[in-house]
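Below is one structure, written out as structure tokens; comments come after it.
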Amino acid sequence: MTDFTGRRLLGVAAGLAGVLVLAPPTARADPARAVVTADARLDFGRMVVIGSGSRRVSAAGAVVDSGVMSAPGGSTRPAQFTVSYDRGNESRRPLDVTLEVVLSAPGAVETGGVSGRLSAFETDLPGYGAIAPGQVLQITLPNCTQRVCSRSFRVGARIDLTRSYGGGTLNLPLPIDATIVNVD
């Protein structure tokens, strides 16, 4: 009798394990998140600087030179970023989302006897004009009814150049981070 009971319990346990394996997994939503995408880099184009000078590219794309001359073959443009809120599920419930975005300025970059530093940042975000590195910018995505809601914006800046000798190409990244602050 003991053998029969032991076998029977083993058979029941194996049957339950089979049921658990065959049951469909429960649906889980991904966590909500904020993402920043760089759509276009800030491009100051090609230029010649004798000793020192600067070029400013506004958030609207206007260019102002001081102490530099344009060189052929280059194009200028402000940086463009898209900040997105992914709610993590397919709900269509309207949400008002507030995100905080922060720009971190790169340090000075030097190559081939030319050094450059970015300054005088500006954006086309409403309520902001000139922005400082580390300044918190709030972006609201009202009435978000899609899984992913987003807003694009542009950033312009001035590059201050100093040339000791030679020449080169300077690459100065614009790191931008976004954080979810409030979801109503």
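Give just the number: which of (1) touching a residue at least 24 places away in the same chain (Cβ under 8 Å); (2) outside any strand (DSSP E or B) does TYR128 not satisfy?
All conditions are met except number (1).
Looking only at the stretch 76-85, count every residue that is surrounded by fewer than 17 Cβ atoms within 10 Å (Cβ to Cβ) and either within 13 Å of the chain's Cα centre (by Cα) or touching a residue at least 60 places away in the same chain (Cβ under 8 Å) (or both) and tell me the total.
Initially, the stretch 76-85 is screened for residues surrounded by fewer than 17 Cβ atoms within 10 Å (Cβ to Cβ), giving 77, 82.
Subsequent filtering for residues that are either within 13 Å of the chain's Cα centre (by Cα) or touching a residue at least 60 places away in the same chain (Cβ under 8 Å) (or both) retains 82.
The number of residues fulfilling the criteria is 1.
In the stretch 138-184, which residue that is small (Gly, Ala, Ser) and assigned to a loop (DSSP other than H, G, I, E, B) is surrounded by the fewest Cβ atoms within 10 Å (Cβ to Cβ)?
Step one: of the stretch 138-184, the residues small (Gly, Ala, Ser) are 150, 152, 156-157, 164, 166-168, 178.
Of the ones still in play, those that are also assigned to a loop (DSSP other than H, G, I, E, B) are 164, 166-168.
Details: SER164: 11, GLY166: 9, GLY167: 12, GLY168: 14.
Here the residue is GLY166.
Return the residues of the stretch 50-68 that are of a type in the set (A, V, I, L, M) and at pLDDT 95 or above; say none if nothing qualifies.
Our first condition is that a residue be of a type in the set (A, V, I, L, M); within the stretch 50-68, this holds for 50, 57, 59-60, 62-64, 68.
Within the stretch 50-68, VAL57, ALA59, ALA60, ALA62, VAL63, VAL64, VAL68 qualify.
Mind listing whichever residues of the stretch 73-108 are among the acidic types (Asp, Glu) and under 21 Å from GLY127 (Cβ atoms)?
Taking the stretch 73-108 as the starting set, the residues that turn out to be among the acidic types (Asp, Glu) are 86, 90, 96, 100.
Residues satisfying the conditions are ASP96, GLU100.
When the residues of the stretch 106-134 are filtered to those that are among the acidic types (Asp, Glu) and touching a strand residue (DSSP E or B) at 6+ places or on another chain (Cβ under 7 Å), which remaining residue is most open to solvent (accessible area, probe 1.4 Å)? Reasoning before the result, please.
First, the residues of the stretch 106-134 that are among the acidic types (Asp, Glu): 110, 122, 124.
After this cut, where a residue has to be touching a strand residue (DSSP E or B) at 6+ places or on another chain (Cβ under 7 Å) as well, the list is 122, 124.
Working: GLU122: 38, ASP124: 62 Å².
Checked the stretch 106-134; the qualifying residue most open to solvent (accessible area, probe 1.4 Å) is ASP124.
The values are calculated or read from the model by the stated rules, or taken from the named source; none is laboratory data. Here the structure is a predicted model, which means the values were calculated and not measured. A quick note on method: Cβ atoms are made from the backbone with ideal geometry, for glycine too, and the neighbour counts reach across all protein chains shown. Protein only, heavy atoms only, side chains kept; ligands, DNA and RNA dropped before computing areas. Shrake-Rupley method; radii C 1.70, N 1.55, O 1.52, S 1.80 Å.
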